[in-house]
Every structure is written in C-alpha cells, then in structure tokens.
1. For Val55, Val14, what's the fewest-to-most ordering of other Cβ within 10 Å of each Cβ?
2. Below 8 Å between Cα atoms, with a sequence gap of 6+, how large is the relative contact order for the chain in percent?
3. Just for the chain, what percent of DSSP beta bridges are antiparallel, to the closest 5?
4. So how far apart, in nm, are the two label points at Glu96 and Phe135 if each is 7 Å from Cα heading toward Cβ?
5. With equal scatterers on the alpha carbons only and no solvent term, can you work out the Debye log10 of I(q)/I(0) for the stretch 6-134 at 0.09, 0.13, 0.20 1/Å?
6. Ranked highest first by the average count of other Cβ atoms within 10 Å around their residues, in what order do 17-24, 5-12 fall?
7. Taking the 0 to 90 degree range and rounding to the nearest ten, how far is the long axis of helix 87-96 tilted relative to the main principal axis of the chain, both from C-alpha atoms?
8. Count the lysine pairs in the chain whose Cα atoms lie under 28 Å apart, taking only pairs 8 or more positions apart in sequence or on different chains.
Amino acid sequence: MIPIKSLQHIGIPVSNLAQSEPFYKKLGFKTTMRKPFDYEGGKGTCIMMELNAIVLELYQFPDPIIPSITSRKDGHIDHICFDVDDVNECFRIAKENGYNVLEEAPVHLNFWEKGVAFFNITGPDGERLEFNQIFK
C-alpha cells in the first residue's frame, strides 16, 4: 500500500490565468504560490490557491493554449494529488505493485520554498493520480 497522508491539491489547467485567479479569489481563495514552468519549449505559469484546507493548483500552458482545454464545455480537472512523506519510497511501492507509473523517476520542481518531487499513476478509467512530497 502506498502511504498517503492526505489529499494535497486538485490540479486544474486553465486557458487564461488572468481570468481564473480573480474568479477563485472571489470565492475566498488566496494565492499562496506563483511559479513559472517549462513546457514544450515555452514557459507556463502555475499558481497554488488556498481556502481553509482546500488547495487548488491552477496552471496555464505557454501559448498557444492546448486546444483540449478550451474546447471542453464542462471544465476540466487534470489530476488529484496526494500528499506523501517520502516520494521515492512511494514510487518504489507503486512500481513493485504494478501500477501504471507515468514517469521514469520522481520529477523535481522548484515550487514552494524548498521544492517538490512527484510522480503520477493512472487509475482504471485513465484518471491521473499524483503523489507529491513538499520539501520542508
């Protein structure tokens, strides 16, 4: 069993971060992180927004916007993320237990103060589940 601590965040790709951020602020969320990320030769932007124990990860890919995001009529949640204490151990357990792990190794990003590491698996219906360790 992969040792999950809690739900960490819900990842939502957006077509226009300048519109989405104020929308969620009106619902009471506060922006707690903003970082660029590299994607297919361009720079995207990721923000984390929090309200009580709820964390949303909103991210905009570099232009041109990925068509599947704007063509959906009912929105799009990309992944749910679980908080873990040891991403490397969780990765080992996932591989040993035959989960469909999408990365060759945990991916490191300079998000938050000291960085994060994560990997994803897919569920029976293609849902993407992320396991993420925030370094403190």
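1. Neighbour counts put them in this order, fewest first: Val55, Val14.
2. Averaging sequence separation for qualifying contacts and normalising by length gives 25 percent for the chain.
3. Around 80 percent of the beta bridges assigned by DSSP in the chain are antiparallel ones.
4. 2.4
5. -0.27, -0.57, -1.31
6. With the highest mean Cβ count within 10 Å placed first, the list reads 5-12, 17-24.
7. That works out to roughly 60 degrees.
8. Lysine pairs meeting the criterion: 28.
Since every read-out is calculated from the coordinates, none of them should be taken as a lab result. Only a predicted model underlies this, so the values are computations on that prediction, with no experimental measurement involved. Backbone-built Cβ (ideal geometry, glycine too); neighbour counts: all protein chains shown.
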